[in-house]
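What follows is a short report on a single structure.
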Amino acid sequence: MNELKGLHHVTAITSSAEKNYEFFTYVLGMRLVKKTVNQDDIQTYHLFFADDKGTAGTDMTFFDFPGIPKGSHGTNEIYKTSFRVPTDAALNYWVKRFDRLDVQHTGVKEQFGKKTLSFVDFDDQQYQLISDGYNEGVASGTPWQKGPIPLENAITGLGPLFVRVANFEFFKEMLEKVLLFKKVDQEGSVHLFEVGEGGNGAQVIVEHNAVLPQARQGFGTVHHAAFRVEDRTVLEEWDQRLRSFGFQTSGFVDRYFFGSLYSRVAPQILFEFATDGPGFMGDEPYETLGEKLSLPPFLEPKRDEIEKYVRPIDTIRSTKEFVKE
């Protein structure tokens, strides 16, 4: 069986695509590599923030479902997304940056031998920066070259995914027997699993918590998380494997930028399995990624209708010069 290659992307829900764009571009210095719509709900923006080249394993994406209420954190949810930075020293840079920009954070802490810095955005979406200083395993991406963050401190990709569950034994069995993760460490009720080459880009951190109320999805929460596979052939193998264990799947879904497969692997936990390619540069050049409303070919005939639904957002950055600070 071809093992999963690590994290592919995390998709969350925001109350405001505009505020979300500002936060990820100007505060976090991640590059908007695709401005499109939810292919299943064309009234909803879908924004993709990633590394300089839109590499698989580096992107955090957002829906802005119209009228959706605020979510609440609890158990049975993907509750925090991590981003990788190059060194421990980079975290000190981010503490100062967050203080200056009034971003709420915890200060630098340590978990499983790695330095981390947890923070939240305007929706109370939960994030963490993690140092790659002593990391081995899946390679990270390339920081946004023309962004506002000095390259030695800039975000380079996704780190460990945080999941909180009430039924830990079921989730552990699913990770190990079905998805072929291995448990590598534990701190109290928090368990560290990794897959493939391992390291920050291929880890899931699972908290066993049967005390908190059940999480409720809405803006400020994660919608689903995706793991990398090489191509459609491997994706079909995973489809068969999941079904053989009794899990229902979506079957193959062509997302144009990558191929996908979805399965609800535990109560309220939706995992996607996605191919590394073809990527985000098929319809836009590197220089202007994310600047126009990009639609997959099957939605292009509806462009006029879609542009009436989604209000314009100015995402042009190729004509601007960011001062690194």
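What follows is calculated from the coordinates using simple rules that are stated; it is not laboratory data. Here the structure is a predicted model, which is why all the values come from computation and not from measurement. FYI the Cβ positions are ideal-geometry reconstructions off the backbone, even for glycines, and counts take in every protein chain you see.
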Legend entry - Max mean-square fluctuation residue, GNM over the chain, Cα-Cα springs under 10 Å, options ALA210, ALA154, ALA274: ALA210
Legend entry - Under-5 Å amide H pairs with HIS223, H placed in peptide plane, nonlocal only: THR11, ALA12, ILE13
Legend entry - Most fluctuating residue given options GLY198, GLY282, GLY54, as computed from a GNM of the chain linking Cα atoms under 10 Å: GLY282
Inset, instruction - Please arrange MET174, MET1, MET60 by counting, for each residue, the other beta carbons lying within 10 Å of its beta carbon, fewest first. - result: MET1, MET174, MET60
Legend entry - Length released on extending from GLN248 to GLU300, taking residue separation times 0.36 nm less the Cα-Cα span: 15.7 nm
Inset, instruction - Please order VAL323, VAL229, VAL95 by the number of other Cβ within 10 Å, starting at the fewest. - result: VAL323, VAL95, VAL229
Inset, instruction - Please arrange VAL165, VAL222, VAL178 by counting, for each residue, the other beta carbons lying within 10 Å of its beta carbon, fewest first. - result: VAL178, VAL165, VAL222
Inset, instruction - Sum -39500 (n - 2.57) across every DSSP H segment of at least 4 residues in the chain, then divide by the residue count to get the 222 nm mean residue ellipticity, nearest 500. - result: -4000 deg cm²/dmol
Inset, instruction - For region 248-304, would you read off the P(r) tail past 14 Å as a percentage of all alpha carbon pairs? - result: 65 percent
Inset, instruction - Starting from the Kirkwood radius over alpha-carbon pairs of the chain, derive D by Stokes-Einstein at 37 °C in a medium of 0.692 mPa s and give it in µm² s⁻¹. - result: 165 µm²/s
Legend entry - Cα gyration tensor shape of region 93-225, rounded if a/c is under 1.5, else prolate or oblate by comparing a/b with b/c: oblate
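Hey, what's the per residue convex hull volume over the C-alpha atoms of region 72-132, in cubic angstrom?
Numbers: hull volume 5.1 nm³, N = 61.
That works out to 84 Å³ per residue.
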